[in-house]
There are 2 protein chains.
Amino acid sequence: MKAILIVGDGMADRPVRILKSKTPLQAAKKKNIDALAKIGISGIMDVISPGVPPGSDTAHLALFGYDPYKVYRGRGAFEALGVGVPLEKGDVAFRCNLATVDSSGRVVDRRAGRIGSAETKELAETLRRARIRGYPDVRVIVEPATEHRIAVVLKGDGLSSQVSDADPHMVGVQINKVVPRVNTPEAAKTADIVNVLTELYIERLKGHPINKEKMKKGGLQANALLFRGAGELPEIEPLTHSYRLNAAVISGTALIKGVCRSVGIEVVEVDGATGTVDTDVTAKARAAVKALRSHDLVYVHVKGTDNASHDGVLDQKIHMIERIDEMVGGIVSSVDLDNAIMAITADHTTPIEIREHTGDPVPFTMAGHGVRTDRVRCFDEVSCAEGGMNRINGVNLFPIMMSFLGRTKKFGA
Amino acid sequence: MKAILIVGDGMADRPVRILKSKTPLQAAKKKNIDALAKIGISGIMDVISPGVPPGSDTAHLALFGYDPYKVYRGRGAFEALGVGVPLEKGDVAFRCNLATVDSSGRVVDRRAGRIGSAETKELAETLRRARIRGYPDVRVIVEPATEHRIAVVLKGDGLSSQVSDADPHMVGVQINKVVPRVNTPEAAKTADIVNVLTELYIERLKGHPINKEKMKKGGLQANALLFRGAGELPEIEPLTHSYRLNAAVISGTALIKGVCRSVGIEVVEVDGATGTVDTDVTAKARAAVKALRSHDLVYVHVKGTDNASHDGVLDQKIHMIERIDEMVGGIVSSVDLDNAIMAITADHTTPIEIREHTGDPVPFTMAGHGVRTDRVRCFDEVSCAEGGMNRINGVNLFPIMMSFLGRTKKFGA
C-alpha cells in the first residue's frame, strides 16, 4: 500500500456573495476530485482547533500528526530548512526581509520593492562576508531564499529563539530593537546579537553597487535586513522512525519544504513547481507518480490557491482549484487505488472575502482500498460536512492514513 | 461584525412519551428559530463532555470558551458576584439557604417554606450585624438574593474553598458539620469559621420578629442558614483581554450574571427579566437590540425552560420555547445578519421526564455572514444532529463565533 496526500493551500473558503453563496470549491469544475469523493469517504477537519486560524507551518505539523501546541518552536527554523540550511538542535533561525529604510531609519518598504531573487543572492553574499564583533563563538549563516527573503541562522552555545522581531510589520516607523521574551541569559544574548547584526548589515548594504544603481534609477534600495520569526527545530520523532515511513514532498514553497524536512520527509525538487499560481501542475503530477515508485508516501502541496485568496482574486482561486483537479487527474490515472490510499484536503480556510486565514474547518476526502464509503459526491465545504468521517482534528488525519497502510501500532494487547 | 448568543436554559430534552416521542423542541411552534436553522449551520454540542450532566455554572464557563475542568472553583463565587458582592482573589463565597430546623436541630424544610425576598432581606440584615468571635482578621459579607437565598462571602488571609457543605441536601437530618476537603490549615480554618457562623446565625435567628410572626401563624420559621457550594474566583483571562471583546449579558438569574461577571461580561439589568417562567421576553429582546449598539457581543439567557423541566411541567416547557421564539423574532427583526453572527443553543439537557440535568448533547444553530449552510430546517435535537457543524465540544462554540468576528488569533505563521 502506498499513500498520496494532496493539499491545496488555503483552498477552503466560505460562501461567496458574487457566487450566489457558493464557495470556490463548489463553483469550480473538478471532476477528478469529485470522483474521489464519490468513491471515497469525506469529512471536515479542524486543522488546529475549532475557530483557531492555522498558520501554514503549524497546520502542516498537525497534518503530519504532530500536535503543534506541543512541538511548534517558531517559523524561522522551517524557512531555513526549506532553503537548505542544515539545522541542528540549539540553532536559532530567522526569516528576514531585505527592506528599504529612509535616511532617518524609518521603514519605507518591508520588501525593498519586492527585489528579485538574483539581486537578493548578490546582497546575501555581501552580508555573508560581514563578521560580527564581540561574539567569536557564534557562527552566522546567511542563505538567500525567493524574492526579498533571506534566512539567517545563528549557530553557537547559549542561544534562544525567545526573542522579539526587529521587523516592525508596518511602514513609517523605526526598526524595532529586539528584546528577550523570557528572562534568561540565552534570550538576552540572542537579542543583542540580532541588534548588532541589524546595525552591521545596514552598514554593509549602504552604498552597495546594487543600491547605487537603484538610487540612480530612483528605485527602492535594499538597505536593511528585517529579522523576524525566530525559531528552533521542533524536538520530534521523525516519520521515518515513528512509522518507518519513506516519504517525499513536492512543493514549490520553502516553508513547506522546511516543515517536511523537520519531520523526515525528503524534498523532491521539481522544475516548474514555483510556489505561485504559475506552478506547473502537470510536472508535479508526473513527479508525484515517479516519487511514489520509491516512497511509501508522497505529499503534494500546491500554494497557488492561498496566493489567490490572500490577493482576493476569485477567478484565479477557482482556476487554481481546476488546475489542482487536473493534477489529481494525472496522478489518479497512474495510481492503482486498489493498492493505495489517496487523500485531498486544505491546510486551512482562506476566505476570498477576508483574505486571511480563518478558523473554519476544511473539507477532506480519502479514497482507496479499505475505506468505508458514504453518500458524498462532491468535494467541497458543505458536501464533506455530511460525510462518513464526520468531524476530525488535524492531528488525526495522518494516523488514519497510516492505519490504511498498516503502519499504526496497536495500543494494548 | 456583531454577535448574539441566545441560550434556553435546560431547553434540550429527550423524546417524550406523551408527545409520541417528539421532544418539546420538536413539538413547539418556533418559526423564528427554525428560520435561523434554515439559513444557518447546525450541529450538536457536548457542553462539558459526552454523558456528563453539566451544571449551569460549568456549562456557561464552557460556552464562553473556558475549560471548566481547569478553571472551575465552585459555585459560590458566581452566586455572590451575581448579587453584586465585589469578589477578590482569596475570598471564599457560599450560596446559603434560609431553612427551617426543628427543636432537635433536624432540617424540616431546606427553603424555609420558600420565604419571600422581602423577609430574606430583613433577616440578612440581622445576620449582617452578627460579629464572629475568634476570627478578628476575617470579614463576613452577607448579601440577600432571590427568595430564600443568601450569599455569604468570607474575606481575609488564609482561607480556602476546599470545605464541605453544611447543607445536608435532604430533610429529617441534622445540619452537617463542615469539614476540610484537603489537609491544609486554610481549609481547616475555613471549615471552623463556617461551623461557628452556622451556630451564631441559629442563635440570632431564634426569636426574630419575623419568626415569631411565622410561629404564631403556624408557618415554617427561617431559623437556620445552610452553607453550601463554597467557591473562589476562577483564575482566568477575561474576554475583554483575550478577545478584546466588549460584551453584555441579559439574564434574570444571579448565578448566570455571576459567571458572566467573572469572565468580563457586563450585566445589563432589564425590568421584567425575572429568571422564571414569567420573564418578559419582549423586554429582553428590546434590551438585547439596544445593548448590541454599544457592545460587540450580547448574550441573552432565558431560565424558564429549565424551571419547567425541573418541575416536570411539559406544557410550560413548550410554552417557554415558544416565548423564546418570540424573543428571537424580536431580535432578528432588528439585526442585520449580513453584519452579525447569531447563535442559539441550550446550556444542557433537562429531560422533562427526568427533571434533572443529563449528559445528552444539545442542539445549536449559527446564522449570519460567512457561515456555510446545510440542509437542516428545524432547530431541535434530532434535526441538528444532521447539521454541517457535526458534533463539537462546548468550549469550541465561543472560538468559532469569535472566528466569524475576526477575533481569534492565528497560531503559527
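The values are calculated or read from the model by the stated rules, or taken from the named source; none is laboratory data. Worth saying up front: this structure is predicted, and the values here are computed from it rather than measured. Please note: Cβ atoms are built from the backbone with ideal geometry, for glycine as well, and neighbour counts cover all protein chains shown. Please note that ligands, DNA and RNA were not included when accessible areas were found on the heavy atoms of the full protein model with its side chains. Shrake-Rupley method; radii C 1.70, N 1.55, O 1.52, S 1.80 Å.
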Pairs of alpha-carbon atoms within less than 8 angstrom and 6+ residues apart define the contacts here; what relative contact order does chain B have, in percent? 32 percent
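List the pairs from A:Lys22/B:Lys20; B:Lys2/B:Lys410; A:Lys206/A:Lys303 whose alpha-carbon separation is above 29 Å, in the order I gave them.
Working: A:Lys22/B:Lys20 39 Å; B:Lys2/B:Lys410 20 Å; A:Lys206/A:Lys303 35 Å.
Listed pairs above 29 Å: A:Lys22/B:Lys20; A:Lys206/A:Lys303.
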For region A:326-407, radius of gyration divided by Kirkwood radius, i.e. Rg to Rh on alpha-carbons: 0.98
Output row for B:Gly272: copy-to-copy label distances, label 7 Å along Cα→C-beta, ascending, in nanometres, one decimal, is 7.0
Treating the Cα atoms of region B:219-269 as identical point scatterers in vacuum, please give the log10 of the normalised Debye intensity I(q)/I(0) at q = 0.27 Å⁻¹, two decimals. -1.04
Taking the square root of 5λ for each eigenvalue of the C-alpha gyration tensor of the protein assembly as shown, the equivalent ellipsoid has semi-axes, largest first and in whole angstrom, of 57, 34, 24
Solvent-accessible area per residue for the protein assembly as shown (1.4 angstrom probe, square angstrom): 41 Å²
Indicate the residues belonging to region B:393-413 that lose 20 Å² or more of solvent-accessible heavy-atom surface (probe 1.4 Å) upon moving from the chain alone to the assembly of all protein chains, ignoring ligands and nucleic acids. B:Asn396, B:Pro399, B:Ile400, B:Ser403, B:Phe404, B:Thr408, B:Lys410, B:Phe411, B:Gly412, B:Ala413
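Looking at region A:239-286, which trypsin sites (Lys or Arg not before Pro) are in a loop (DSSP not H, G, I, E or B) and have at most 16 other Cβ atoms within 10 Å? Spell out each step's value before the answer.
Details: sites: A:Arg244, A:Lys257, A:Arg261, A:Lys284, A:Arg286; in loops: A:Arg244.
Counting only loop positions with at most 16 other Cβ atoms within 10 Å, the trypsin sites (Lys or Arg not before Pro) in region A:239-286 are A:Arg244.
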Please report which chain B residue places its beta carbon nearest the axis carrying chain B onto chain A, with the distance rounded to a whole angstrom. B:Asn390, 3
Say R0 is 56 Å: what FRET efficiency, to the nearest 0.05, do A:Asn339 and B:Val71 get from their beta-carbon distance? 0.65
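How about region B:3-47: which trypsin sites (Lys or Arg not before Pro) there are in a DSSP loop, with at most 11 other Cβ atoms within 10 Å of their Cβ?
Numbers: sites: B:Arg17, B:Lys20, B:Lys22, B:Lys29, B:Lys30, B:Lys31, B:Lys38; in loops: B:Lys20, B:Lys29, B:Lys30.
Answer in residue order: B:Lys20, B:Lys29.
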Could you pull the copy-to-copy label distances for A:Ser117, with points set 7 Å along Cα to Cβ, in nm to one decimal and sorted shortest first? 7.2
What is the percent carbon and sulfur in the accessible area of the protein assembly as shown, measuring with a 1.4 Å probe over the protein chains and ignoring ligands? 49 percent
Any idea which of B:Thr365, B:Gly412, B:Phe398 is furthest toward the positive side of the dipole for region B:288-413, if Lys and Arg beta-carbons carry +1 and Asp and Glu beta-carbons -1? B:Gly412
Say R0 is 60 Å: what FRET efficiency, to the nearest 0.05, do A:Val196 and A:Glu326 get from their beta-carbon distance? 0.75
Where the label is 7 Å out from Cα toward Cβ, how close does B:Glu235 come to the same position in every other copy, in nm, shortest first? 2.5
Once the whole set of protein chains is in place, how much accessible area is left on B:Val179, using a 1.4 Å probe, in Å² to the nearest 10? 70 Å²
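Over the alpha-carbon set of region A:359-400, divide Rg by the Kirkwood Rh and report the Rg/Rh ratio to two decimals.
Numbers: Rg = 10.4 Å, Rh = 11.1 Å.
With Rh from the inverse mean 1/r over Cα pairs, Rg/Rh is 0.93.
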Which residues of region A:42-56 show a drop of at least 50 Å² in accessible area when all protein chains are present, compared with their chain alone (probe radius 1.4 Å, heavy atoms only, ligands and nucleic acids excluded)? A:Pro50, A:Gly51, A:Pro53
Rounded to whole Hz, the Karplus (6.51, -1.76, 1.60) HN-Hα couplings of region A:354-370, x for glycine and proline: 9, 6, 9, 4, 10, x, 5, x, 10, x, 8, 9, 10, 9, x, 5, x
Spin-label point model (7 Å from Cα, Cβ direction): what's the A:Lys20 to A:Lys177 distance in nm? 6.1 nm
Alpha-carbon centroid distance for the pair region A:165-243 / region B:63-98, whole angstrom: 47 Å
Positions from region B:340-386 whose accessible area shrinks by 50 Å² or more when the full protein complex is built, not the chain alone, probe 1.4 Å: B:His369, B:Arg372
Alpha-carbon gyration tensor eigenvalues x 5, square-rooted, for region A:1-135, Å: 39, 22, 16
With x for Gly and Pro, the residue-by-residue ³J(HN,Hα) of region B:295-305, computed from phi through the Karplus equation 6.51 cos²θ - 1.76 cosθ + 1.60 at θ = phi - 60° and given in whole Hz, is 10, 6, 9, 10, 9, 10, 10, 10, 8, x, 4
Stretch in chain A that is longest and holds no GluC sites (Glu not before Pro) that DSSP places in a loop and that have at most 12 other beta carbons within 10 Å: A:89-234
Derived scalar couplings ³J(HN,Hα) [region A:199-212; Karplus, 6.51 cos²θ - 1.76 cosθ + 1.60; whole Hz; x for Gly, Pro]: 5, 4, 6, 4, 4, 6, 7, 5, x, 4, x, 4, 6, 4
Could you give P(r) for region B:109-173, binned at 10 Å from zero, as whole percent values over all Cα-Cα pairs? 18, 40, 36, 6
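Taking a probe of 1.4 Å and counting only protein heavy atoms, give the total accessible area buried between chains A and B in Å², rounded to the nearest 100.
For A against B, buried area totals roughly 2200 Å².
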Treating every alpha carbon of chain A as one equal point scatterer without solvent, the Debye formula yields log10 I(q)/I(0) values at q = 0.10, 0.12, 0.13 Å⁻¹ of -0.70, -0.96, -1.10
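Calculate, for B:Ser49 and B:Thr282, the FRET efficiency according to 1/(1 + (r/R0)^6) with r their C-beta to C-beta distance and R0 41 Å; round to the nearest 0.05.
Working: r = 36 Å, r/R0 = 0.89.
The value I calculate is 0.65.
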